[in-house]
Amino acid sequence: MSGTQIKVSAVNKVFQTADKEVVALKDINLEIPQGQFVCLLGPSGCGKSTLLNAVAGFSLPSSGSITTDGKLVQKPGPDRGMVFQEYALFPWMTVEENIAFGLEIKGSGKAEIQQKVGALLGMLGLSDFRRRFPKDLSGGMRQRVAIARVLALDSPIMLMDEPFGALDALTRRNLQDELLRIWSELKKTIIFVTHSIEEAIYLADRIVVMTYRPGTVKRDIMVELPRLRDPSAAEFNALKRELGQLVMEEQQRHHNDEIKMAAVD
Ligand SMILES: Nc1ncnc2c1ncn2[C@@H]1O[C@H](COP(=O)(O)OP(=O)(O)OP(=O)(O)O)[C@@H](O)[C@H]1O
Ligand SMILES: [Mg+2]
């Protein structure tokens, strides 16, 4: 790992709704070196997607700044690829057309596109499915296509918003293992949002636990366990308990908030 690649400085994000202001992020500071695998962990509504979208450039901070390689993030850019929970594939395109799409927009040559798409189909075990449409694929396969599509653009940064949340446990573990393989092979920097504690410990170099509204950094932990990690190991479970406690405190705050709001209504 070398140098800071993503720098989040004093970021606040306030949403205006018809009747109130929601402070979604408050004073977030993070420095992420090139090649690090970071998981953002926290209960629903704590601002994980808001932070990821700000790094992606889809929605800018109300104050503070985000830079990648020293350059201010003002809009989405080719250095950052995003994988969404809902796959976001084009239903009218086949698997290979979906993967090739970004390269075509970029104006890559035919031979280059063919070579890259072929390599990615192989890397993600999709070669036999290249001519299928998304509707004829399982959730796990669709998510592979979504990952391949981002990899096609060769962005050094991958932003992933609960990409495996909708998958069954076995498919999820397979994709986690594949993602780890790709990450170590291609040396990507990854910010991966999850509310699964086990997923965060299985994947991350570093886990950033967020507080519930306003979203702040509650704890920033390096995970030193060797990979591939064993979820049944004592150290894995000790960390799981520690993180479980932290997340539960925030879930409780969420719950208390809802009770308070119900009383006001
Ligand atoms: N466009 C918006 N307008 C108003 N409020 C918003 C908007 N987007 C997010 N929020 C609010 O900001 C807070 C953080 O939302 P965000 O979607 O980032 O949470 P999250 O941690 O990703 O949750 P989840 O795990 O459910 O995806 C929430 O209270 C949400 O209601
Ligand atoms: Mg979210």
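The values are calculated or read from the model by the stated rules, or taken from the named source; none is laboratory data. No experiment lies behind these values; they were computed from the predicted model shown. Cβ sites come from the backbone with ideal geometry, for glycine too, and all protein chains shown count toward neighbours. Just the protein is used for accessible areas: all its heavy atoms, side chains included, with ligands, DNA and RNA removed. Shrake-Rupley method; radii C 1.70, N 1.55, O 1.52, S 1.80 Å.
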Next on the checklist: Looking at 166, 148, can you tell me which residue is farther than 21 Å from residue 55 by Cβ and within 16 Å of ligand 2 (Cβ to nearest atom)?
Outcome noted: 166
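So, in region 127-143, exactly how many residues are open to solvent by 30 Å² or more (accessible area, probe 1.4 Å) and touching a residue at least 12 places away in the same chain (Cβ under 8 Å)?
Total satisfying the criteria: 9.
Regarding residue 162, is this residue within 16 Å of ligand 1 (Cβ to nearest atom), closer than 27 Å to residue 105 by Cα, open to solvent by 10 Å² or more (accessible area, probe 1.4 Å) and of a type outside the set (Phe, Trp, Tyr)? Spell out the reasoning first.
Values: within 16 Å of ligand 1 (Cβ to nearest atom): yes; closer than 27 Å to residue 105 by Cα: yes; open to solvent by 10 Å² or more (accessible area, probe 1.4 Å): yes; of a type outside the set (Phe, Trp, Tyr): yes.
Yes, satisfied.
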Item to check | Extreme residue, nearest to ligand 2 (Cβ to nearest atom), among residues of region 52-64 that are open to solvent by 10 Å² or more (accessible area, probe 1.4 Å) and closer than 17 Å to residue 158 by Cβ | outcome: 53
Checklist outcome for this item: Here the residues within region 187-210 that are more than 17 Å from residue 228 (Cα to Cα) and either among the charged types (D, E, K, R) or open to solvent by 20 Å² or more (accessible area, probe 1.4 Å) (or both) are 188, 195, 196
Checklist entry - Does region 3-18 contain any residue that is surrounded by fewer than 17 Cβ atoms within 10 Å (Cβ to Cβ), part of a loop (DSSP other than H, G, I, E, B) and polar (S, T, N, Q)? => result yes
Item to check | Condition check for residue 212: within 16 Å of ligand 1 (Cβ to nearest atom) and touching a Pro at 6+ places or on another chain (Cβ under 7 Å) | outcome: yes
Next on the checklist: Looking at region 1-44 only, could you name the residues that are touching a residue at least 60 places away in the same chain (Cβ under 8 Å) and small (Gly, Ala, Ser)?
Outcome noted: 24, 35, 42, 44
Next on the checklist: Being free of Cβ contacts under 8 Å to residues at least 24 places away in the same chain, under 15 Å from residue 178 (Cβ atoms) and either open to solvent by 20 Å² or more (accessible area, probe 1.4 Å) or of a type outside the set (D, E, K, R) (or both): is that true of residue 119 here?
Outcome noted: yes
Item to check | Top-ranked residue of region 24-44 - restricted to ones that are part of a strand (DSSP E or B) and within 13 Å of ligand 1 (Cβ to nearest atom), ranked as surrounded by the fewest Cβ atoms within 10 Å (Cβ to Cβ) | outcome: 26
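Condition first: modelled with pLDDT of 95 or more and within 8 Å of ligand 2 (Cβ to nearest atom). Now tell me which residues in region 37-49 satisfy that.
48, 49
Quick grid of which residues meet (1) aromatic (Phe, Trp, Tyr); (2) closer than 22 Å to residue 190 by Cα; (3) buried (at least 18 other Cβ atoms within 10 Å of the Cβ); (4) at pLDDT below 95:
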position	(1), (2), (3), (4)
66	no, yes, yes, no
70	no, yes, no, no
80	no, yes, yes, no
84	yes, yes, no, yes
87	yes, yes, yes, yes
92	yes, no, no, no
97	no, no, no, no
105	no, no, no, yes
Next on the checklist: If I ask for residues that are within 16 Å of ligand 1 (Cβ to nearest atom), touching a helix residue (DSSP H, G or I) at 6+ places or on another chain (Cβ under 9 Å) and without any contact (Cβ under 8 Å) to a residue 40 or more places away in the chain, which ones from region 45-75 would you list?
Outcome noted: 58, 60
Checklist outcome for this item: Counting only helices (runs of 4 or more DSSP H) entirely within region 104-189, those with at least 3 residues that are more than 22 Å from the chain's Cα centre (by Cα) are 110-123
